1. Looking at region 54-72, can you tell me whether even one residue there is under 30 Å from TYR192 (Cβ atoms) and open to solvent by 80 Å² or more (accessible area, probe 1.4 Å)?
2. Kindly indicate whether any position in region 87-104 is part of a loop (DSSP other than H, G, I, E, B), open to solvent by less than 50 Å² (accessible area, probe 1.4 Å), touching a residue at least 24 places away in the same chain (Cβ under 8 Å) and among the hydrophobic types (A, V, I, L, M, F, W, C).
3. Find the residue count for region 125-161, including only residues that are of a type in the set (Gly, Ala, Ser) and either within 10 Å of the chain's Cα centre (by Cα) or buried (at least 19 other Cβ atoms within 10 Å of the Cβ) (or both).
4. What helices (runs of 4 or more DSSP H), lying completely within region 136-249, carry at least 1 residues that are without any contact (Cβ under 8 Å) to a residue 60 or more places away in the chain and among the acidic types (Asp, Glu)?
5. Going through GLY226, GLY232, GLY214 one at a time, which residue ends up being exposed (fewer than 15 other Cβ atoms within 10 Å of the Cβ), of a type outside the set (Lys, Arg), touching a helix residue (DSSP H, G or I) at 6+ places or on another chain (Cβ under 8 Å) and at pLDDT below 95?
6. Please tell me if ALA199 is of a type in the set (Gly, Ala, Ser) and closer than 28 Å to LEU168 by Cα.
7. Kindly indicate whether LEU141 is touching a helix residue (DSSP H, G or I) at 6+ places or on another chain (Cβ under 6 Å), over 24 Å from TYR219 (Cβ atoms) and among the aliphatic types (A, V, I, L, M).
Amino acid sequence: MRQMRLRTASFLLRISPTDVRRGRHALQTVLGAADSGDPAALRALARAVARHGHERAWRVWLEPGKSGGPTRPWDSPALAGLTVDVSTVPAWVVNSAWRAWLADPDPALWSLLRRWNRPATAAVGSRTRLFSRLVLGAADLSPSPLILADTAARFDHPLGASARERLLTDPDPSAVSLFCATAVQSPDALEYCLAHGLAPVDETERAVFFVRTGQQEQYEALDPEGTLLALGYRAAGAAERTALRIAMAAMGGVDMLRVLAGQRSDRHDFASLAQTERDYLEPGHRPCRRGRRPVQPLRRGPRPASPLLARRCRPASAAPPG
């Protein structure tokens, strides 16, 4: 379609409905000129809105471009005339704006949403509505601990900051525990936990968390005998046990034998250790197998005598048995 002049478009909007082809083209022309802040176009847009209503203007303004989003910027001067009265903004426009902001947090769009102060409706989906209410600070909001923790772990979107603020005051401590679980893999989450003193509510999980994140003073105050850490170690999977052994060796001050061997709940003898665990208990902490990096000696007192320590390794200076 040939380009229409602004004066022609303004005239057509006075005589043609916007649901016909030339009326729609005229409104597109006026909106395009209004996006640049042209005073004549803004006046023509105001007349068109008064004549044809906000709904029609919004539908043309939000027509998707090739990328799927609106073809016009959210900081367009044209929006000033469309949002003078927030109550005239259709609910579907508010929903579209929230979907767009959650996908791409445009600062100009956020400025609009904050000024509108209207959450998404249920029609757009429960998750979008929940997030919109979370960002707007709804007092009666009760997100599930898992959703709150997952959202709080987002450091790539302003939504995450709102979730972290809610996390500090959420009455359900399990959300904090779930968030702390991400801290061992996320430097940003760890920094936030350290800055706000966040830790799992369960004592065993807290002991493991303190060790995994290198908080030695907090760990020693909580679990001086290593009992909680031993429980957490025995309950952990193989990957987490490996990470714990590395963290304990790096932090020091941990009774490694007590933690690694533990004690059975129904017996008082030490549990058998895997070779990877025994490597941390050999004299001098020098594993037998080649290619292993030596682990630094423990800082805490002498180890209790145990036949488990009499293994293949022996000090390099020891003579072979006669």
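1. We begin by selecting, within region 54-72, every residue under 30 Å from TYR192 (Cβ atoms); these are none.
No: region 54-72 contains no residue that is under 30 Å from TYR192 (Cβ atoms) and open to solvent by 80 Å² or more (accessible area, probe 1.4 Å).
2. Within region 87-104, the subset part of a loop (DSSP other than H, G, I, E, B) is 89-90, 104.
Cutting the leftovers down to open to solvent by less than 50 Å² (accessible area, probe 1.4 Å) gives us 89-90.
If we keep only those that are touching a residue at least 24 places away in the same chain (Cβ under 8 Å) too, we end up with 89-90.
Still in the running and among the hydrophobic types (A, V, I, L, M, F, W, C): 89.
Yes - at least one qualifying residue is present in region 87-104.
3. Let us first name the residues in region 125-161 that are of a type in the set (Gly, Ala, Ser), namely 125-126, 132, 137-139, 142, 144, 149, 152-153, 160-161.
From what's left, either within 10 Å of the chain's Cα centre (by Cα) or buried (at least 19 other Cβ atoms within 10 Å of the Cβ) (or both): 132, 149, 152-153, 160-161.
Final tally of qualifying residues: 6.
4. Numbers: elements: 145-152, 158-169, 174-183, 187-196, 203-212, 216-222, 227-235.
Fully inside region 136-249 and qualifying: 145-152, 158-169, 187-196, 203-212, 216-222.
5. Details: GLY226 fails: exposed (fewer than 15 other Cβ atoms within 10 Å of the Cβ); GLY232 fails: exposed (fewer than 15 other Cβ atoms within 10 Å of the Cβ).
Just a single option satisfies the conditions, and that option is GLY214.
6. Working: of a type in the set (Gly, Ala, Ser): yes; closer than 28 Å to LEU168 by Cα: yes.
Spelling it out, ALA199 is indeed of a type in the set (Gly, Ala, Ser) and closer than 28 Å to LEU168 by Cα.
7. Values: touching a helix residue (DSSP H, G or I) at 6+ places or on another chain (Cβ under 6 Å): yes; over 24 Å from TYR219 (Cβ atoms): yes; among the aliphatic types (A, V, I, L, M): yes.
Criteria met by LEU141.
The values are calculated or read from the model by the stated rules, or taken from the named source; none is laboratory data. Just so we're clear, the structure is a prediction, and the values are computed from it rather than from any experiment. Note: ideal-geometry Cβ built from the backbone for every residue, glycine included; neighbour counts use all protein chains shown. Keep in mind that these areas ignore ligands, DNA and RNA; they rest on the heavy atoms of the full protein, side chains included. Shrake-Rupley method; radii C 1.70, N 1.55, O 1.52, S 1.80 Å.
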